[in-house]
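Here is the structure we will look at, set down as structure tokens.
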Amino acid sequence: MLQGISSEGFVLGCSALGAGIAMVASIGPGFGQGIAAGKAAEAVGRQPEAQSEITRTMILGQAVAETSSIYSLIIAIILLFVQPLLSGL
Amino acid sequence: MEIQLFIDENQIIIPNTIVNTVIAGIILSILAITAVHKAKKADIDEPPSGFMNLIEIMVESINNMVVSNMGERNIKFAPFILTLISFLVVSNLSGLFTIVSPTSDYSVTLTLALIVFFTIQYNKIKSQGGMLGYMKGFAKPYAVMTPINIISEIANPVSMSFRLFGNIMSGTLIMGMLYSALGYFAPLITPVLHLYFDIFSGVLQAFIFTMLTMVFINNAT
């Protein structure tokens, strides 16, 4: 028979679930950065002399666009390792 | 290594990342004193060699980046930018030498972002003519956009600090988990990950932080 789950175990399990769902937010920046890299490759193909300038601009834009995925990573790490919801029990 | 001080009965613990900030500062100071010492003895007419060559490459490339990103009038920020980028490169790469990276602690990255934030606000006050002009600058295109302008000003240090912290700390965390999971067989897989997380990501994040600083200061002056 299914015994009861202790409330501490329940909160830990839901924190782990929330951490997994939070990382779904990394789909967006991965998709967008791939499109940006494709456009950079197209621009290099059109004008090969400007390659280093185009590469620098692309790396700068991609690192800024990656920020929202970093925010979701921080939420997931805080849920897993700091476990703030346990203190509300 | 963390430092524990005992004053009477109270105990003060200085965390290991803060101690490593001081260690990074000591390394950079030794480099700077050596550079000045060699620069005094160098001959101006000969091309530089060895250590002086490296220092000249760094200074020249930072000067070119500052002039091309911020214009001629902002050349006075070049020493600040060089300090920022060399501190970030040394502290991000210290994960390779078993020194816990200082930037994997949110206090350090928040401090760096706040230094840049106050520099930007001070330069805005100076260039827009005192406190009155500065406050009117927030209502610039239309008066209803004032809260949006204020939020976008505050979002800059928050996003810069979180970007640096998230990248470096996630690298440290993943490497730590891999080493403790694989134990004896770790050197089969971890060198490639060290190459990506410590070297590539560390230098790239230092570069991004510095470029964003230059762009924001350029907008503020």
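Please specify each residue of the stretch B:73-101 satisfying the condition of being under 15 Å from B:PHE197 (Cα atoms) and in contact with a helix residue (DSSP H, G or I) (Cβ under 6 Å, 6 or more places away or on another chain).
At the first step, the residues of the stretch B:73-101 found to be under 15 Å from B:PHE197 (Cα atoms) are B:88-101.
Across the stretch B:73-101, the qualifying residues are B:LEU88, B:VAL89, B:VAL90, B:SER91, B:ASN92, B:LEU93, B:GLY95, B:LEU96, B:ILE99, B:VAL100, B:SER101.
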Sole exception among (1) loosely packed, with under 14 Cβ neighbours inside 10 Å; (2) touching a Lys or Arg at 6+ places or on another chain (Cβ under 6 Å) for B:ALA220, by number = (1)
key: Among (1) facing chain B (nearest Cβ under 9 Å); (2) aliphatic (A, V, I, L, M); (3) over 20 Å from A:GLY9 (Cα atoms), the one test that A:VAL44 misses   = (1)
ask   = Are any residues in the stretch B:157-192 surrounded by 20 or more Cβ atoms within 10 Å (Cβ to Cβ) and of a type in the set (Gly, Ala, Ser), and if so, which ones?
value = B:SER161, B:GLY166, B:GLY171
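Residues that are touching a residue at least 24 places away in the same chain (Cβ under 8 Å), among the hydrophobic types (A, V, I, L, M, F, W, C), part of a helix (DSSP H, G or I) and closer than 17 Å to B:LEU84 by Cα: does the stretch B:32-45 have at least one? I'd like the intermediate steps shown before the answer.
Start the filter on the stretch B:32-45 by keeping residues that are touching a residue at least 24 places away in the same chain (Cβ under 8 Å), which leaves none.
No; the residues of the stretch B:32-45 include none that is touching a residue at least 24 places away in the same chain (Cβ under 8 Å), among the hydrophobic types (A, V, I, L, M, F, W, C), part of a helix (DSSP H, G or I) and closer than 17 Å to B:LEU84 by Cα.
Just checking, how many residues over the stretch A:28-78 are hydroxyl-bearing (Ser, Thr, Tyr) and loosely packed, with under 12 Cβ neighbours inside 10 Å? If you could, list the steps in order and put the result at the bottom.
If we filter the stretch A:28-78 for residues that are hydroxyl-bearing (Ser, Thr, Tyr), which is where we start, we get A:52, A:55, A:57, A:67-69, A:71-72.
Now narrow it down to the ones that are loosely packed, with under 12 Cβ neighbours inside 10 Å: A:52.
Of the residues in that region, 1 qualify.
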key: helices (runs of 4 or more DSSP H) contained in chain A and holding at least 2 residues hydroxyl-bearing (Ser, Thr, Tyr)   = A:7-22, A:51-65, A:67-77
key: B:PHE77 over 30 Å from B:ILE174 (Cα atoms), touching a residue at least 24 places away in the same chain (Cβ under 8 Å) and not in a strand (DSSP E or B)   = yes
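Quick note: the coordinates plus some simple rules give every number you see, no bench work behind them. Computed from a prediction, not measured in an experiment: that's the story for all the values here. Neighbour counts run over all protein chains shown; Cβ positions are idealised from the backbone, glycine included.
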